[in-house]
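K.L.:
One structure follows; several queries about it will come next.
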Amino acid sequence: MTAIEIITTEDLKNFKAELLLDIKNMLKPDDSVKQKWLKSSEVRKLLNISPGTLQNLRINGTLRFSRIGSIIFYKLEDITTILEGGLK
């Protein structure tokens, strides 16, 4: 025999509140985590280079990148490596 459990309107309201809180916590940025991806303009500022130099770094493989649509993104860790070791 299967037990039947009655769910009240109050139960649903509590569930909704808990679910919304969980979603907000998942979407909230963690202050201990740095931004992982940078756009071209941010990379140019950090490295103090021109758009052409940045393009050359992409072309010769010095700097890895990912393209989403028309926007190019660079990993922060790759930029940090270049900053620590200098451009070669």
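K.L.:
Would you work out if the range 37-85 is rounded, prolate or oblate? Take a ≥ b ≥ c from the square roots of the eigenvalues of the alpha-carbon gyration tensor; rounded if a/c is under 1.5, else prolate when a/b is larger than b/c, oblate otherwise. Please list the in-between numbers first.
P.N.:
Details: a/c = 1.38, a/b = 1.26, b/c = 1.10.
Note, shape of the range 37-85 comes out rounded.
K.L.:
Provide, for the chain, the number of lysine pairs with alpha carbons under 17 Å apart, each pair being eight or more places apart or on different chains.
P.N.:
8
K.L.:
Cα-based Rg (one decimal) and Dmax (whole number) for the chain, in Å?
P.N.:
Rg then Dmax for the chain, in Å: 23.3, 74.
K.L.:
Could you work out the relative contact order of the chain? I mean the mean sequence separation of Cα pairs under 8 Å and 6+ apart, divided by the number of residues, in percent.
P.N.:
Working: 43 pairs, mean separation 23.0, N = 88.
Computed over the chain, the figure is 26 percent.
K.L.:
Now for a different question. Give the long-range amide H neighbours of ILE72: residues separated by 5 or more places, or on another chain, with amide H under 5 Å away, using H modelled in the peptide plane at 1.01 Å from N.
P.N.:
Hits under the 5 Å cutoff: SER40.
K.L.:
Related question: Mind telling me which of LYS13, LYS45, LYS36 comes out most flexible in a GNM of the chain, alpha-carbon contacts under 10 Å?
P.N.:
Between LYS13, LYS45, LYS36, it is LYS13 that shows the largest mean-square fluctuation.
K.L.:
Give me the extension gain from GLU5 to LYS28: residue separation times 0.36 nm, minus the current Cα-Cα distance, reported in nm with one decimal. Spell out each step's value before the answer.
P.N.:
On the way: separation 23, 0.36 × 23 = 8.28 nm, distance 3.44 nm.
Gain in length upon complete extension: 4.8 nm.
Readers should treat all values here as calculations from the given coordinates under stated rules, not as data from a laboratory. None of these values were measured; they are calculated from a predicted model.
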